[in-house]
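Visitor: For reference, the structure I am asking about is given below.
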Amino acid sequence: MDLTHRIRTSFDNQSMLATIGATLDFVSKGEVHIGAALAPHLLQQQGFAHGGLVFSLGDVAAGYAALSVQPDGAEVVTAELKINYLSPGTAPRLQARGRVLKPGRRLTVVASDVFGIAEDGSEKHIATLLGTMAVVPGERP
């Protein structure tokens, strides 16, 4: 199956991603970018991007990067993931850029960086994530 189609099909089956208005922005082997507009319902009490949103975008981008290096029929789930918040997310759009650091048959080490994208296209690095994705069979429970 074509890599972009494979990732797109999985992406479209995640209802939480629809809830936050996530978009699949870029797909290549070992790298995936996920974006979302910073809508009013996704803010924390001080008006910044909610940390859960930032984490979710980074997690999904890293997870799909890991999936992109696995054979058809495999799936991945997050085994562990650490985040460092670097600055508040205030730009109108966020984009997470996930990448594979070390692929494996059972575990894949990943990283993801989340950026705020201003209307003029300038970027601010707001978070970095490092983690491990576990490879699992593709059957749904």
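Visitor: Return yes or no: is R97 outside any loop (DSSP other than H, G, I, E, B), buried (at least 20 other Cβ atoms within 10 Å of the Cβ) and not hydrophobic (A, V, I, L, M, F, W, C)? Walk me through it before giving the result.
Guide: Details: outside any loop (DSSP other than H, G, I, E, B): yes; buried (at least 20 other Cβ atoms within 10 Å of the Cβ): yes; not hydrophobic (A, V, I, L, M, F, W, C): yes.
Considered against the rule, which asks whether it is outside any loop (DSSP other than H, G, I, E, B), buried (at least 20 other Cβ atoms within 10 Å of the Cβ) and not hydrophobic (A, V, I, L, M, F, W, C), R97 comes out as yes.
Visitor: Do you know which residues across the range 56-106 are of a type in the set (K, R), closer than 14 Å to A36 by Cα and in contact with a helix residue (DSSP H, G or I) (Cβ under 9 Å, 6 or more places away or on another chain)? Break it down stepwise before answering.
Guide: Of all residues in the range 56-106, those of a type in the set (K, R) come to 82, 93, 97, 99, 102, 105-106.
Applying the additional criterion that residues be closer than 14 Å to A36 by Cα yields 93, 97.
R97, the sole residue that qualifies.
Visitor: Going by the conditions given, is G116 touching a Lys or Arg at 6+ places or on another chain (Cβ under 6 Å), small (G, A, S) and closer than 29 Å to A39 by Cα? Break it down stepwise before answering.
Guide: Values: touching a Lys or Arg at 6+ places or on another chain (Cβ under 6 Å): yes; small (G, A, S): yes; closer than 29 Å to A39 by Cα: yes.
Yes.
Visitor: Residues E80, E119: which one is in a strand (DSSP E or B) and modelled with pLDDT of 95 or more? Walk me through how you get there before you give the answer.
Guide: Values: E119 fails: in a strand (DSSP E or B).
Selected residue: E80, the only one of E80, E119 that is in a strand (DSSP E or B) and modelled with pLDDT of 95 or more.
Visitor: Further question on the same structure: Between residues in the range 75-103 that are of a type in the set (S, T, Y) and residues that are buried (at least 16 other Cβ atoms within 10 Å of the Cβ) and part of a loop (DSSP other than H, G, I, E, B), which pairs lie under 8 Å by C-beta distance while being six or more apart or on different chains?
Guide: T90/L38; T90/F48
Visitor: Going by the conditions given, is L57 part of a strand (DSSP E or B), of a type outside the set (G, A, S) and surrounded by 12 or more Cβ atoms within 10 Å (Cβ to Cβ)? Give the steps one after another, and end with the answer.
Guide: Working: part of a strand (DSSP E or B): no; of a type outside the set (G, A, S): yes; surrounded by 12 or more Cβ atoms within 10 Å (Cβ to Cβ): yes.
So L57 does not fit the description; no.
Visitor: Can I ask one more? Would you mind telling me which numbered condition in (1) assigned to a loop (DSSP other than H, G, I, E, B); (2) crowded, with 20+ Cβ neighbours inside 10 Å A65 fails?
Guide: Evaluating A65 over (1) assigned to a loop (DSSP other than H, G, I, E, B); (2) crowded, with 20+ Cβ neighbours inside 10 Å leaves (1) as the failure.
The values are calculated or read from the model by the stated rules, or taken from the named source; none is laboratory data. Values in this document were obtained by computation on a predicted structure and should not be read as measured data. Note that each Cβ is placed from the backbone with ideal geometry, even for glycine, and that neighbours are counted across all protein chains shown.
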